[in-house]
1. Here is a list of conditions, (1) open to solvent by 50 Å² or more (accessible area, probe 1.4 Å); (2) within 24 Å of the chain's Cα centre (by Cα); (3) within 28 Å of Thr89 (Cα to Cα), and Lys138 meets all of them except one; can you say which number that is?
2. Out of (1) part of a loop (DSSP other than H, G, I, E, B); (2) modelled with pLDDT of 95 or more; (3) not hydroxyl-bearing (Ser, Thr, Tyr), what's the single condition that is false for Phe161?
3. Hey, can you tell me all the residues within the stretch 425-443 that are over 17 Å from Ala217 (Cα atoms), open to solvent by 20 Å² or more (accessible area, probe 1.4 Å) and not in a helix (DSSP H, G or I)?
4. Within the stretch 208-218, how many residues turn out to be within 24 Å of the chain's Cα centre (by Cα) and open to solvent by less than 30 Å² (accessible area, probe 1.4 Å)?
5. Does Gln234 meet the test of being under 25 Å from the mean Cα position of the chain (by Cα) and open to solvent by 70 Å² or more (accessible area, probe 1.4 Å)?
6. At pLDDT 95 or above and in contact with a Phe, Trp or Tyr (Cβ under 7 Å, 6 or more places away or on another chain): which single residue out of Phe231, Phe245 fits that description?
7. Within the stretch 22-38, how many residues are open to solvent by 10 Å² or more (accessible area, probe 1.4 Å) and either of a type in the set (Asp, Glu) or part of a strand (DSSP E or B) (or both)?
8. Looking at Ser78, Ser82, Ser99, can you tell me which residue is touching a strand residue (DSSP E or B) at 6+ places or on another chain (Cβ under 8 Å), in a strand (DSSP E or B), at negative phi and modelled with pLDDT under 90?
Amino acid sequence: IEIYSLHVDCKVTSRFAHTVITSRIINRANESREATFEVELPKTAFITNFSMSMDGEVYPGIIKEKAAAQNEYDTAVSQGQSAGLVRITDRKLEQFHVSVSIAAASKVTFELTYEELLKRQLGKYELLIKVQPKQLVKHFQIDVHIFEPQGIRFLETDSTFMTNDLTEALTKVQNETKAHILFKPTLDQQKKNSELDETLLNGDFVVRYDVKREATAGDIQIVNGYFVHYFAPQEIPVFPKNVVFVIDRSGSMTGRKIEQTRDALLKILQDLRPEDHFSFITFNNKVVEWKSSLLPATKENVASAAALVQTLTARGGTDILGALLAAVGVLEKAEQLPERSVSMIILLTDGQPTSGERSVEVIQEKVQKAINGKYALFCLGFGFDVSYKFLEKMALSNGGLARRIYENADAALQLQGFYQEVATPILMQIEMQYPENSIEGLTKNNFKLFFEGSEITVSGKISNELDLLPVEIKAQSHTSNLTLKEEANVKEKEQVFQNQRYIFGNFIERLWAYLNIQQLLEEAISAQEEDQKALEAQALDLSLRYSFVTPLTSMVVTKPQQQEELANKPTEAG
């Protein structure tokens, strides 16, 4: 079985990435063989299309409601096969896998399309393409076109498998608003060495970039009556933060996990700013407060905390509720804190609650009541023994977010990376306001916190014939209350994309649907049961209308001989 052509075509228009992977395979044997198409794609992406073409026939994937798709098959068959097509492979990727039997000397073409909104983290966008052909490919290329009307501030490519030879196969062309990256290695350039037919192409190919930002109230772009508004203010003073770290030291954290936690915490302590206040709570079946109050992050206090971190050992049970209530208590009784500051609790745990309160529902309820909207709760789940669903619901109900830490060599870096994302809050209580009677289907437009290096994205549909779209942003910074205003000239903005060759026409409408689905699904996690059903119904409707494989839909892939398989979107919570 020979893959004679593998093309990755990616168009990024104003952060919205549309990727098409096409693999052409020929069976050189004199009997029928199994041809496999295996692609790893970012977890944040939604598959929108798949097809298989062989012997002049096209076999498209059809997207249906998950429950309906599941029922259509004989349950026994579907249970054996439904999970087969897509599975999570690591912390950033999931894998789509399909195989089909092809006759001697026959060919098959697989084509997979997926879309995602690139998310700004720590000051840059990252487009990740996983390269793993597992054999030499005669016609191999990655072709990336980026168009950012705001202008490209910087652009870099990075890869885990580059050699000097392969670098020659990479070209980058860039002007003010566009970039074209082409990676097209010959067969010889792909080889590990001239004797063996082994490929070097195995790993990540990454494009990172950021855009220029002139306007204070962000940037608005409009196509076919849909708008997107990006807001990422710069040069705003950082809020002092009051952080309580709540660290699990139960028996299951023994060994590598507690070591990696110690390494990460020592680095994080060094990153505290002098105006920050902090404290530590460690817990197993007992909850231990390092100090009874929050301390300023002076050199002495940081050194004293580092000494404590060095001595962390793991044994005993897991009293999550006791530890979180103690953290709330520390923030409640804190005195002399900066008037405008951001208070947060960062919980790191690797297991289920095994001592104290064990019911996750009761824990969620009591924590939410104690926090009462005053502090943000971030939950980090270490490994796969945690109930991620429980941590995610608890974080989202309390203005924070959850993240799974994968038990790899780089776990300490994952912990630090997460801390860096939330270490610099620069705005709070952000309200993005648009004229109510002229905008429909507005995505989330109120945000509790904004962290430096990230970006707020709001999208909606302009309903009546507006000439000017006025926007007003209200927010609190460390030093003042801000009101920022901007007006977008609808016709001028529409013009920007008119003459761009490689723009897929309705991209802002698809971006709007993508963002809406992501937010509805996230909202559903922490909603009450009736609301949850309504939110999921809206998300399902959009998933079907715009043909996205989301956790609520399935793609039915029909093979020759009427064999059917399902592609489902996995979630971190399983």
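1. So Lys138 meets the others, but not (2).
2. Among (1) part of a loop (DSSP other than H, G, I, E, B); (2) modelled with pLDDT of 95 or more; (3) not hydroxyl-bearing (Ser, Thr, Tyr), Phe161 violates only (2).
3. Quick first cut of the stretch 425-443, residues over 17 Å from Ala217 (Cα atoms) only: 425, 436-443.
Among the residues that remain, those that are also open to solvent by 20 Å² or more (accessible area, probe 1.4 Å) are: 436-437, 439-442.
Hits for the stretch 425-443 are Ile439, Glu440, Gly441, Leu442.
4. Going residue by residue through the stretch 208-218, those that are within 24 Å of the chain's Cα centre (by Cα) are 208-213, 218.
Checking the rest, the ones that are also open to solvent by less than 30 Å² (accessible area, probe 1.4 Å) come to 209-211, 218.
Here the count works out to 4.
5. Taking the combined requirement at face value, the residue satisfies it.
6. Within the list Phe231, Phe245, the selection yields Phe245.
7. Applying the first criterion (open to solvent by 10 Å² or more (accessible area, probe 1.4 Å)) to the stretch 22-38 yields 22, 24, 26, 28-34, 36, 38.
From the residues that got through so far, the ones that are either of a type in the set (Asp, Glu) or part of a strand (DSSP E or B) (or both) too are 22, 24, 26, 31, 33-34, 36, 38.
Counting residues in the stretch 22-38 that are open to solvent by 10 Å² or more (accessible area, probe 1.4 Å) and either of a type in the set (Asp, Glu) or part of a strand (DSSP E or B) (or both) gives 8.
8. Exactly one residue qualifies, and that residue is Ser99.
The values are calculated or read from the model by the stated rules, or taken from the named source; none is laboratory data. Keep in mind the model is a prediction, meaning the values are calculated, not measured. So basically every Cβ, Gly included, is an ideal-geometry build from the backbone, and we count neighbours across all protein chains shown. These accessible areas exclude ligands, DNA and RNA; they are computed on the full protein's heavy atoms, side chains included. Shrake-Rupley method; radii C 1.70, N 1.55, O 1.52, S 1.80 Å.
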